[in-house]
Amino acid sequence: MTWTAIHAEIHCTIRARHLFARNQKLLVAVSGGQDSLCLIKLLLDLQPKWEWSLAIAHCDHCWREDSQANAHHVENLAHNWHTPFYLETATNPVKNEASARNWRYQALTKIAEVHNYQYIVTGHTASDRAETLLYNLMRGTGADGLQALTWQRPLNENIILVRPLLEVTRSQTEQFCQEFNLPIWQDSTNQNLQYARNRIRQELIPYLKENFNPQVESNLAQTAELLLAEVEYLEQTAHQLRLEASEKGENDILRLNRRILKIVPLALQRRVMRQVLQEILSDAPNFEHIEKLRVLITAPNRSQTDPFPGGAIAQVQGDWILIT
(Lines give C-alpha, C1' and ligand atoms only; values in the text may rest on other atoms or scores of the structure.)
Protein backbone atom coordinates (compact mmCIF):
# COMPACT_ATOMS: atom_id res chain seq x y z
CA MET A 1 0.00 0.00 0.00
CA THR A 2 1.19 3.51 -0.85
CA TRP A 3 0.95 5.71 2.25
CA THR A 4 0.06 9.30 1.31
CA ALA A 5 -0.33 12.52 3.27
CA ILE A 6 -4.12 12.05 3.23
CA HIS A 7 -3.74 8.55 4.71
CA ALA A 8 -1.72 10.03 7.57
CA GLU A 9 -4.17 12.91 8.02
CA ILE A 10 -7.26 10.69 8.22
CA HIS A 11 -5.51 8.17 10.47
CA CYS A 12 -4.64 11.00 12.89
CA THR A 13 -8.09 12.60 12.61
CA ILE A 14 -9.87 9.36 13.50
CA ARG A 15 -7.62 8.84 16.49
CA ALA A 16 -7.54 12.45 17.74
CA ARG A 17 -11.30 13.01 17.39
CA HIS A 18 -12.22 9.52 18.63
CA LEU A 19 -14.45 9.02 15.59
CA PHE A 20 -14.42 5.25 16.01
CA ALA A 21 -12.29 2.70 17.82
CA ARG A 22 -10.62 -0.53 16.75
CA ASN A 23 -12.61 -3.63 15.82
CA GLN A 24 -15.76 -1.65 14.97
CA LYS A 25 -18.26 -2.42 12.20
CA LEU A 26 -18.36 0.43 9.68
CA LEU A 27 -20.96 0.79 6.93
CA VAL A 28 -19.48 3.10 4.28
CA ALA A 29 -21.90 5.01 2.02
CA VAL A 30 -20.47 4.91 -1.51
CA SER A 31 -22.17 6.75 -4.36
CA GLY A 32 -19.35 6.12 -6.82
CA GLY A 33 -18.32 9.77 -6.91
CA GLN A 34 -14.81 10.96 -6.11
CA ASP A 35 -15.42 11.80 -2.45
CA SER A 36 -16.94 8.44 -1.52
CA LEU A 37 -14.31 6.52 -3.53
CA CYS A 38 -11.56 8.42 -1.75
CA LEU A 39 -13.23 7.60 1.58
CA ILE A 40 -13.63 3.86 1.03
CA LYS A 41 -10.09 3.53 -0.38
CA LEU A 42 -8.66 5.30 2.68
CA LEU A 43 -10.65 3.13 5.10
CA LEU A 44 -9.69 -0.07 3.29
CA ASP A 45 -6.04 0.94 3.42
CA LEU A 46 -6.30 1.80 7.14
CA GLN A 47 -8.27 -1.35 7.95
CA PRO A 48 -5.23 -3.51 8.89
CA LYS A 49 -4.18 -0.89 11.48
CA TRP A 50 -7.66 -0.58 13.02
CA GLU A 51 -9.05 -4.08 12.37
CA TRP A 52 -12.43 -2.74 11.29
CA SER A 53 -15.17 -4.79 9.67
CA LEU A 54 -16.05 -2.73 6.58
CA ALA A 55 -19.02 -2.92 4.24
CA ILE A 56 -20.20 -0.75 1.34
CA ALA A 57 -23.76 0.55 1.03
CA HIS A 58 -25.19 2.21 -2.08
CA CYS A 59 -28.53 4.03 -2.33
CA ASP A 60 -30.22 4.11 -5.73
CA HIS A 61 -32.62 7.08 -5.85
CA CYS A 62 -33.91 6.02 -9.29
CA TRP A 63 -33.92 9.62 -10.49
CA ARG A 64 -31.35 9.14 -13.27
CA GLU A 65 -31.49 6.87 -16.29
CA ASP A 66 -28.05 5.48 -15.40
CA SER A 67 -28.80 4.94 -11.69
CA GLN A 68 -28.97 1.14 -12.05
CA ALA A 69 -25.68 1.08 -13.96
CA ASN A 70 -24.23 3.29 -11.23
CA ALA A 71 -25.32 0.76 -8.60
CA HIS A 72 -23.77 -2.13 -10.56
CA HIS A 73 -20.53 -0.13 -10.85
CA VAL A 74 -20.29 0.28 -7.06
CA GLU A 75 -21.23 -3.38 -6.53
CA ASN A 76 -18.39 -4.46 -8.84
CA LEU A 77 -15.95 -2.30 -6.90
CA ALA A 78 -17.08 -3.91 -3.64
CA HIS A 79 -16.62 -7.35 -5.21
CA ASN A 80 -13.11 -6.46 -6.42
CA TRP A 81 -12.22 -5.20 -2.94
CA HIS A 82 -13.71 -8.36 -1.31
CA THR A 83 -16.02 -6.15 0.73
CA PRO A 84 -19.68 -6.89 1.62
CA PHE A 85 -22.13 -4.84 -0.44
CA TYR A 86 -25.65 -3.69 0.36
CA LEU A 87 -28.02 -1.94 -2.04
CA GLU A 88 -31.17 -0.02 -1.20
CA THR A 89 -33.38 1.05 -4.11
CA ALA A 90 -36.12 3.66 -3.86
CA THR A 91 -39.56 2.24 -4.59
CA ASN A 92 -40.73 5.69 -5.66
CA PRO A 93 -38.24 7.95 -7.47
CA VAL A 94 -37.02 10.78 -5.22
CA LYS A 95 -37.27 14.12 -6.98
CA ASN A 96 -35.64 16.77 -4.77
CA GLU A 97 -32.53 17.19 -2.64
CA ALA A 98 -34.19 17.30 0.78
CA SER A 99 -36.37 14.22 0.27
CA ALA A 100 -33.42 12.37 -1.30
CA ARG A 101 -31.22 13.11 1.69
CA ASN A 102 -33.90 12.02 4.18
CA TRP A 103 -34.59 8.80 2.28
CA ARG A 104 -30.86 8.07 1.98
CA TYR A 105 -30.25 8.32 5.74
CA GLN A 106 -33.32 6.20 6.44
CA ALA A 107 -32.10 3.57 3.96
CA LEU A 108 -28.57 3.54 5.40
CA THR A 109 -29.91 3.30 8.95
CA LYS A 110 -32.12 0.37 7.96
CA ILE A 111 -29.13 -1.49 6.46
CA ALA A 112 -27.01 -0.78 9.54
CA GLU A 113 -29.74 -2.00 11.91
CA VAL A 114 -30.37 -5.23 10.00
CA HIS A 115 -26.67 -6.10 9.74
CA ASN A 116 -25.55 -4.70 13.10
CA TYR A 117 -23.21 -1.88 12.02
CA GLN A 118 -22.48 0.68 14.73
CA TYR A 119 -21.31 3.43 12.38
CA ILE A 120 -22.42 4.86 9.04
CA VAL A 121 -19.54 6.69 7.35
CA THR A 122 -20.01 9.30 4.61
CA GLY A 123 -17.60 11.18 2.37
CA HIS A 124 -18.60 14.76 3.17
CA THR A 125 -15.62 17.07 2.73
CA ALA A 126 -14.47 20.56 3.69
CA SER A 127 -15.94 21.68 0.37
CA ASP A 128 -19.36 20.34 1.38
CA ARG A 129 -18.98 22.12 4.69
CA ALA A 130 -18.23 25.43 2.95
CA GLU A 131 -21.15 25.00 0.56
CA THR A 132 -23.54 24.15 3.40
CA LEU A 133 -22.45 27.22 5.34
CA LEU A 134 -23.11 29.48 2.33
CA TYR A 135 -26.39 27.73 1.50
CA ASN A 136 -27.77 28.11 5.03
CA LEU A 137 -26.43 31.65 5.40
CA MET A 138 -28.35 32.79 2.31
CA ARG A 139 -31.53 31.04 3.50
CA GLY A 140 -31.26 32.76 6.86
CA THR A 141 -29.91 30.91 9.88
CA GLY A 142 -28.08 31.23 13.16
CA ALA A 143 -24.79 29.69 14.18
CA ASP A 144 -26.40 26.25 14.33
CA GLY A 145 -27.12 26.21 10.60
CA LEU A 146 -23.66 27.50 9.74
CA GLN A 147 -22.00 24.53 11.47
CA ALA A 148 -24.53 22.00 10.23
CA LEU A 149 -22.05 19.37 8.97
CA THR A 150 -20.55 17.91 12.14
CA TRP A 151 -17.96 15.17 12.61
CA GLN A 152 -20.45 12.89 14.31
CA ARG A 153 -24.15 12.79 15.05
CA PRO A 154 -26.42 10.02 16.34
CA LEU A 155 -28.97 8.65 13.86
CA ASN A 156 -30.65 6.61 16.59
CA GLU A 157 -29.75 5.07 19.93
CA ASN A 158 -27.35 2.54 18.40
CA ILE A 159 -26.00 4.07 15.18
CA ILE A 160 -23.71 7.07 14.72
CA LEU A 161 -23.10 8.97 11.50
CA VAL A 162 -19.41 9.85 11.04
CA ARG A 163 -17.76 12.19 8.50
CA PRO A 164 -13.96 11.69 8.60
CA LEU A 165 -13.12 13.88 5.55
CA LEU A 166 -14.29 17.28 6.84
CA GLU A 167 -10.77 18.72 6.63
CA VAL A 168 -10.16 17.41 3.09
CA THR A 169 -11.25 19.48 0.08
CA ARG A 170 -12.89 18.14 -3.06
CA SER A 171 -9.81 18.98 -5.12
CA GLN A 172 -7.79 16.74 -2.78
CA THR A 173 -10.20 13.82 -3.18
CA GLU A 174 -10.03 14.25 -6.96
CA GLN A 175 -6.23 14.18 -6.89
CA PHE A 176 -6.31 11.11 -4.63
CA CYS A 177 -8.62 9.25 -7.02
CA GLN A 178 -6.36 10.11 -9.96
CA GLU A 179 -3.28 8.96 -8.07
CA PHE A 180 -4.82 5.53 -7.36
CA ASN A 181 -6.72 5.24 -10.67
CA LEU A 182 -10.08 4.95 -8.92
CA PRO A 183 -12.94 4.72 -11.44
CA ILE A 184 -15.14 7.74 -10.63
CA TRP A 185 -18.79 7.53 -11.68
CA GLN A 186 -19.78 10.93 -13.02
CA ASP A 187 -23.19 11.94 -11.67
CA SER A 188 -24.90 14.09 -14.32
CA THR A 189 -27.17 15.72 -11.72
CA ASN A 190 -24.13 17.46 -10.22
CA GLN A 191 -24.02 19.65 -13.33
CA ASN A 192 -27.72 20.58 -13.16
CA LEU A 193 -27.85 24.25 -12.16
CA GLN A 194 -31.51 23.90 -11.25
CA TYR A 195 -30.31 22.84 -7.81
CA ALA A 196 -29.11 25.62 -5.52
CA ARG A 197 -26.20 23.60 -4.13
CA ASN A 198 -24.91 22.98 -7.65
CA ARG A 199 -24.98 26.71 -8.39
CA ILE A 200 -23.00 27.31 -5.22
CA ARG A 201 -20.51 24.60 -6.23
CA GLN A 202 -20.22 25.43 -9.93
CA GLU A 203 -20.62 29.21 -9.91
CA LEU A 204 -20.40 30.90 -6.50
CA ILE A 205 -17.39 29.09 -5.00
CA PRO A 206 -15.26 29.50 -8.19
CA TYR A 207 -16.22 33.20 -8.29
CA LEU A 208 -15.21 33.68 -4.65
CA LYS A 209 -11.94 31.84 -5.25
CA GLU A 210 -11.05 33.94 -8.26
CA ASN A 211 -12.14 37.34 -6.96
CA PHE A 212 -11.76 37.18 -3.19
CA ASN A 213 -9.74 34.30 -1.71
CA PRO A 214 -8.29 31.17 -3.36
CA GLN A 215 -8.56 29.41 0.03
CA VAL A 216 -12.23 30.28 0.56
CA GLU A 217 -13.36 26.64 0.90
CA SER A 218 -10.86 25.82 3.63
CA ASN A 219 -11.50 29.10 5.43
CA LEU A 220 -15.27 28.64 5.43
CA ALA A 221 -14.85 25.05 6.63
CA GLN A 222 -12.62 26.34 9.44
CA THR A 223 -15.32 28.86 10.37
CA ALA A 224 -17.84 26.01 10.58
CA GLU A 225 -15.46 24.11 12.86
CA LEU A 226 -15.11 27.12 15.19
CA LEU A 227 -18.89 27.56 15.29
CA LEU A 228 -19.35 23.88 16.07
CA ALA A 229 -17.56 24.17 19.42
CA GLU A 230 -19.36 27.42 20.30
CA VAL A 231 -22.79 26.00 19.46
CA GLU A 232 -22.12 22.89 21.57
CA TYR A 233 -21.18 25.10 24.54
CA LEU A 234 -24.22 27.38 24.16
CA GLU A 235 -26.62 24.45 23.76
CA GLN A 236 -25.29 22.74 26.89
CA THR A 237 -25.46 25.99 28.88
CA ALA A 238 -28.99 26.71 27.64
CA HIS A 239 -30.08 23.18 28.53
CA GLN A 240 -28.91 23.59 32.13
CA LEU A 241 -30.57 27.00 32.33
CA ARG A 242 -33.84 25.58 30.99
CA LEU A 243 -33.83 22.86 33.64
CA GLU A 244 -33.25 25.49 36.31
CA ALA A 245 -35.96 27.86 35.03
CA SER A 246 -38.75 25.41 34.17
CA GLU A 247 -41.15 23.32 36.17
CA LYS A 248 -44.42 21.47 35.58
CA GLY A 249 -47.49 23.07 37.16
CA GLU A 250 -51.04 21.84 37.53
CA ASN A 251 -52.39 19.79 34.62
CA ASP A 252 -48.81 19.47 33.33
CA ILE A 253 -48.71 23.16 32.33
CA LEU A 254 -45.10 24.18 31.65
CA ARG A 255 -43.94 27.14 33.77
CA LEU A 256 -40.82 29.23 33.02
CA ASN A 257 -39.32 31.44 35.73
CA ARG A 258 -38.93 34.96 34.34
CA ARG A 259 -36.63 36.13 37.15
CA ILE A 260 -34.04 33.50 36.21
CA LEU A 261 -34.29 34.15 32.48
CA LYS A 262 -34.31 37.94 32.78
CA ILE A 263 -30.72 38.19 33.99
CA VAL A 264 -29.06 35.93 31.37
CA PRO A 265 -27.68 37.09 27.99
CA LEU A 266 -30.01 37.43 25.02
CA ALA A 267 -28.33 34.54 23.18
CA LEU A 268 -29.14 32.16 26.03
CA GLN A 269 -32.71 33.45 26.34
CA ARG A 270 -33.29 32.62 22.68
CA ARG A 271 -31.74 29.17 22.96
CA VAL A 272 -33.82 28.31 26.02
CA MET A 273 -36.99 29.37 24.23
CA ARG A 274 -36.03 27.42 21.15
CA GLN A 275 -35.42 24.28 23.20
CA VAL A 276 -38.80 24.73 24.88
CA LEU A 277 -40.57 25.18 21.54
CA GLN A 278 -38.79 22.18 20.02
CA GLU A 279 -40.62 20.01 22.57
CA ILE A 280 -43.99 21.66 21.90
CA LEU A 281 -44.14 22.24 18.14
CA SER A 282 -44.31 19.49 15.54
CA ASP A 283 -41.98 21.43 13.20
CA ALA A 284 -38.77 23.27 14.02
CA PRO A 285 -39.49 26.71 15.54
CA ASN A 286 -38.52 29.72 13.46
CA PHE A 287 -37.12 33.07 14.60
CA GLU A 288 -40.60 34.61 14.85
CA HIS A 289 -41.82 31.82 17.15
CA ILE A 290 -38.75 32.14 19.39
CA GLU A 291 -39.02 35.93 19.68
CA LYS A 292 -42.76 35.76 20.37
CA LEU A 293 -42.05 33.64 23.43
CA ARG A 294 -38.86 35.43 24.48
CA VAL A 295 -40.44 38.91 24.74
CA LEU A 296 -42.68 37.57 27.52
CA ILE A 297 -39.61 37.50 29.78
CA THR A 298 -39.98 41.27 30.27
CA ALA A 299 -43.62 41.76 29.22
CA PRO A 300 -46.32 43.18 31.56
CA ASN A 301 -48.33 40.80 33.71
CA ARG A 302 -51.12 38.92 31.89
CA SER A 303 -49.52 39.48 28.48
CA GLN A 304 -49.99 36.52 26.17
CA THR A 305 -49.09 35.30 22.70
CA ASP A 306 -51.39 34.42 19.85
CA PRO A 307 -51.47 30.63 19.25
CA PHE A 308 -48.35 28.81 18.09
CA PRO A 309 -48.73 26.15 15.37
CA GLY A 310 -50.71 23.38 17.03
CA GLY A 311 -52.61 25.76 19.30
CA ALA A 312 -50.25 26.31 22.28
CA ILE A 313 -50.49 29.73 23.97
CA ALA A 314 -48.02 31.36 26.38
CA GLN A 315 -49.07 33.93 28.96
CA VAL A 316 -47.45 35.88 31.81
CA GLN A 317 -48.59 35.31 35.40
CA GLY A 318 -46.39 37.22 37.80
CA ASP A 319 -42.85 35.81 37.72
CA TRP A 320 -43.87 32.95 35.44
CA ILE A 321 -44.54 32.27 31.79
CA LEU A 322 -47.22 29.59 31.46
CA ILE A 323 -47.48 27.56 28.26
CA THR A 324 -50.80 25.80 27.73
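For a Förster distance of 30 Å, can you work out the FRET efficiency between the beta-carbons of S303 and D283, rounded to the nearest 0.05? FRET efficiency, S303 to D283: 0.75.
Using the Cα gyration tensor of segment 171-229, with a ≥ b ≥ c the square roots of its eigenvalues, what is the shape: rounded (a/c below 1.5), prolate (a/b larger than b/c) or oblate (neither)? Verdict is oblate for segment 171-229.
Each Lys or Arg adds one and each Asp or Glu takes one away; over the other residues whose Cβ falls under 12 Å from the Cβ of Q147, this sums to -3.
Its Cα gyration tensor gives segment 117-260 an equivalent ellipsoid. The semi-axes, each the square root of 5 times an eigenvalue, are 38, 19, 14 Å from largest down. Per residue, segment 70-118 exposes 60 Å² of accessible surface when a 1.4 Å probe is rolled over the protein heavy atoms with every protein chain present. Across all Cα atoms of segment 49-204, the radius of gyration (one decimal) and Dmax (whole number) stand at 16.3, 45 Å. Partners of K41 within straight-line reach, counting lysines whose Cα lies under 26 Å from its Cα and excluding those fewer than 8 residues away in the same chain: K25, K49, K110.
Evaluated at q = 0.23, 0.28 Å⁻¹, the base-10 log of the normalised Debye intensity for segment 226-273, with identical point scatterers placed on the Cα atoms, takes the values -0.80, -1.02. The label point for W3 and the one for N211, both projected 7 Å from the Cα toward the Cβ, are 4.5 nm apart. Peptides 261-273, 148-160 ordered by packing proxy, namely the average of other Cβ atoms within 10 Å per residue, highest first: 261-273, 148-160. Per-atom-type breakdown for the chain gives carbon and sulfur 48% of the accessible area (1.4 Å probe, protein chains only). Helix 126-139 axis versus longest C-alpha principal axis of the chain: approximately 40°, rounded to the nearest ten. Against the chain, whose longest principal axis is taken from its Cα atoms, helix 97-115 shows a tilt of about 70°. For segment 137-197, a Kirkwood radius taken over Cα pairs fed into Stokes-Einstein (4 °C, viscosity 1.567 mPa s) yields D = 86 µm²/s.
Largest accessible area first, the listed residues E203, E225 line up as E203, E225 when surface is computed with a 1.4 Å probe on the assembled protein chains. Taking the centroid of alpha carbons for each part, segment 6-31 and segment 45-98 are 18 Å apart.
Over the C-alpha atoms of the chain, the Rg to Rh ratio, Rh being the Kirkwood estimate, stands at 1.04. Model label points for L193 and N158, set 7 angstrom from Cα along the Cα-to-Cβ axis, are 4.8 nm apart.
The values are calculated or read from the model by the stated rules, or taken from the named source; none is laboratory data. In this text the structure is predicted, and so the values were computed from the model without any measurement. Note: ideal-geometry Cβ built from the backbone for every residue, glycine included; neighbour counts use all protein chains shown. Side chains are part of the model used for accessible areas, which takes the heavy atoms of the whole protein and leaves out ligands, DNA and RNA. Shrake-Rupley method; radii C 1.70, N 1.55, O 1.52, S 1.80 Å.
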